[in-house]
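The values are calculated or read from the model by the stated rules, or taken from the named source; none is laboratory data. Remember, predicted model here, so these are calculated numbers, not experimental data. Cβ sites come from the backbone with ideal geometry, for glycine too, and all protein chains shown count toward neighbours. Remember, those area values only see protein heavy atoms, side chains included, never the ligands or the DNA or RNA. Shrake-Rupley method; radii C 1.70, N 1.55, O 1.52, S 1.80 Å.
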Amino acid sequence: MYQLLDGKSMSATIKEELANEVRSLTAKGLRRPHLAAILVGDDGASQTYVASKEKSSHEVGFTSSVYRYSANTSEEELLRAIEFLNDDDEVDGFIVQLPLPKHINEQHIIQAINPDKDVDGFTPVNVGRMVLGEECFVPATPMGICTLLERYNIETEGKHCVVVGRSNIVGTPMANLMSRNRKGANCTVTLCHSRTANLPAITRQADILVVAIGKPEFVTADMVKEGAVLVDVGIHRIPDESKKSGFHLCGDVKHSEVDEHCSWVTPVPGGVGPLTIVSLLQNTMKAYRRHMNL
Ligand code: NDP
């Protein structure tokens with residue numbers, strides 16, 4: 001029988017920890033940590049993500065602000081917005097919600113963010129520091145997964161961790177973090193992607209399997225080793241007339257047949273997602289403490 005890596009309840013615990021921290025800071029007369037977000041265009045998923053980051057910020061007592069721009073905003077205008085937030089002494093950290101409209105070069109935008117306020121950990125400076133094992137902001141999704149594994153005391157040392165998906169925001173940093181010489185890591189890591197030959201033969205070797213490919217229910221029972229720790233990053237809305245909302249959520253893993261073969265499983269929803277948001281808040285608290293010299 002497998003056990004749940006319960007991201008929902010763990011995120012509630014961490015939010016409570018952060019809220020207590022904010023209470024003790026404000027009791028000393030200090031201002032609240034401030035997380036800002038830039039949202040460009042009217043993509044539904046992006047709006048939902050930003051709204052949920054805003055809600056979570058308020059829950060822990062942070063100040064939160066959202067700068068909204070229309071889909072036809074120019075790259076220059078966006079760069080000016082970033083310059084403004086870089087210089088705003090009252091803002092500790094900010095994110096630019098991705099994806100951006102096609103006419104805007106995402107790399108130009110990311111590179112313009114002050115690394116000290118880059119709480120998403122996407123700037124080249126933070127990515128470089130992460131790869132070197134230096135103090136940095138780690139991208140929220142892999143950071144959340146590491147937190148889940150650590151707080152559930154999942155043994156990682158010497159284990160084979162297979163990461164499927166090599167995006168800059170999930171798979172690549174995840175593989176890096178699990179391979180590092182530190183507590184909660186020290187894995188032997190294999191990073192797979194769409195050109196990997198004979199993927200099931202590799203995923204079947206995984207003691208810890210992290211799946212982040214963006215394909216609904218792609219990983220099936222024949223791809224998983226008995227007793228594996230399974231982390232499913234994927235999240236998809238599947239049209240479903242039987243639901244009041246008109247859809248149900250699923251991950252990149254076919255949980256109905258895979259879970260019973262595992263020792264630990266992140267559910268979808270309620271696994272990785274809540275920890276991602278909480279990690280962004282933790283990064284903002286870290287940025288605040290640095291900024292305020294605390
Ligand atoms: P991307 O689309 O950026 O990357 C997908 C990766 O999967 C690519 O590296 C791609 O390979 C690889 N891939 C695609 N198809 C296959 C295949 N058939 N076999 C092996 N590898 C494959 O996705 P993200 O990393 O941004 O996101 C992945 C999933 O996680 C999505 O469902 C997303 O919604 C979800 N997500 C969830 C978050 C959360 O908080 N829960 C946060 C971020 C993402 P290649 O590089 O060769 O193209």
* Estimated dipole of the range 140-274 in Debye, rounded to 20 [Cβ of Lys and Arg +1, of Asp and Glu -1, Cα centre] -> 500
* Under the Karplus relation 6.51 cos²θ - 1.76 cosθ + 1.60, θ = phi - 60°, what is the ordered set of whole-Hz ³J(HN,Hα) values for the range 197-207, x standing for Gly and Pro? -> 7, 6, 3, x, 5, 7, 5, 5, 8, 6, 7
* Asked: Do any cysteines of the chain lack a neighbour Cys whose Cβ is under 4.7 Å away, and which are they?
  -> 136, 146, 192, 250, 262
* Structure fact -> Heavy-atom accessible area of residue 117, protein chains in place, probe 1.4 angstrom, given in Å² to nearest 10, is 10
* Which value results when the Cα radius of gyration for the range 56-145 is divided by 2.2 N^0.38 Å? -> 1.13
* Going by the alpha-carbon gyration tensor, a ≥ b ≥ c the square roots of its eigenvalues, is the range 213-294 rounded (a/c under 1.5) or, if a/c is not under 1.5, prolate (a/b greater than b/c) versus oblate? -> oblate
* Which whole-Hz ³J(HN,Hα) couplings does the range 162-169 yield from phi under the Karplus relation 6.51 cos²θ - 1.76 cosθ + 1.60, θ = phi - 60°, glycine and proline marked x? -> 9, 10, 10, x, 10, 5, 5, 9
* Asked: lysines near residue 159 by alpha-carbon distance under 17 Å, same-chain residues fewer than 8 away left out - which ones?
  -> 183, 225
* Under unit Cβ charges (Lys, Arg +1; Asp, Glu -1), what dipole magnitude, rounded to 20 debye, does the range 21-64 have relative to its Cα centre? -> 360
* **Accessible surface of residue 167 - all protein chains present, 1.4 Å probe, nearest 10 Å²** => 50
* At 1.4 Å probe size, with no ligands or nucleic acids counted, give the accessible surface of residue 182 in Å², nearest ten. => 70
* Accessible area (Å², per residue) of the range 140-274, counting only protein heavy atoms and a probe of 1.4 Å -> 47
* To do: May I ask you to compute the full-extension gain from residue 183 to residue 58, defined as 0.36 nm times their residue separation minus their alpha-carbon distance, rounded to one decimal in nm?
  => 41.8 nm
* Asked: Per the 1.4 Å probe, what fraction of the accessible area of the range 29-114, in percent, lies on carbon and sulfur atoms?
  -> 49
* Asked: R0 = 35 Å: FRET efficiency of residue 20 with residue 220, Cβ-based, nearest 0.05?
  -> 0.25
* **For residue 96, distant residues with modelled amide H under 5 Å away** => 38
* Roughly how compact is the range 6-75, stated as its Cα Rg over 2.2 N^0.38 Å to two decimals? -> 1.35
* **Computed [θ] at 222 nm, deg cm²/dmol, the chain (DSSP H ≥ 4; -39,500 (n - 2.57); rounded to nearest 500)** => -12000 deg cm²/dmol
* Structure fact -> Karplus ³J(HN,Hα) for the range 110-123 (6.51 cos²θ - 1.76 cosθ + 1.60, θ = phi - 60°; Hz, whole; x = Gly/Pro) runs 4, 5, 7, 6, 4, x, 6, 10, 7, 6, 7, x, 9, 6
* To do: Run a plain Debye calculation on the chain (Cα atoms as equal point scatterers, no solvent) and give log10 I(q)/I(0) at q = 0.07, 0.12, 0.14 Å⁻¹, rounded to two decimals, same order as the q list.
  => -0.27, -0.81, -1.09
* To do: Please report the relative contact order for the chain, taking Cα pairs under 8 Å with a sequence separation of at least 6, and give it as a percent rounded to a whole number.
  => 21
* Asked: Taking 0.36 nm per residue of separation and subtracting the Cα-Cα distance, what length does fully extending residue 155 through residue 116 add?
  -> 10.8 nm
* With the other protein chains left in place, how much accessible area per residue, in square angstrom, belongs to the range 1-83 at a 1.4 angstrom probe? -> 53
* Of the beta bridges DSSP finds with both residues in the chain, what % are antiparallel, to the nearest 5? -> 10
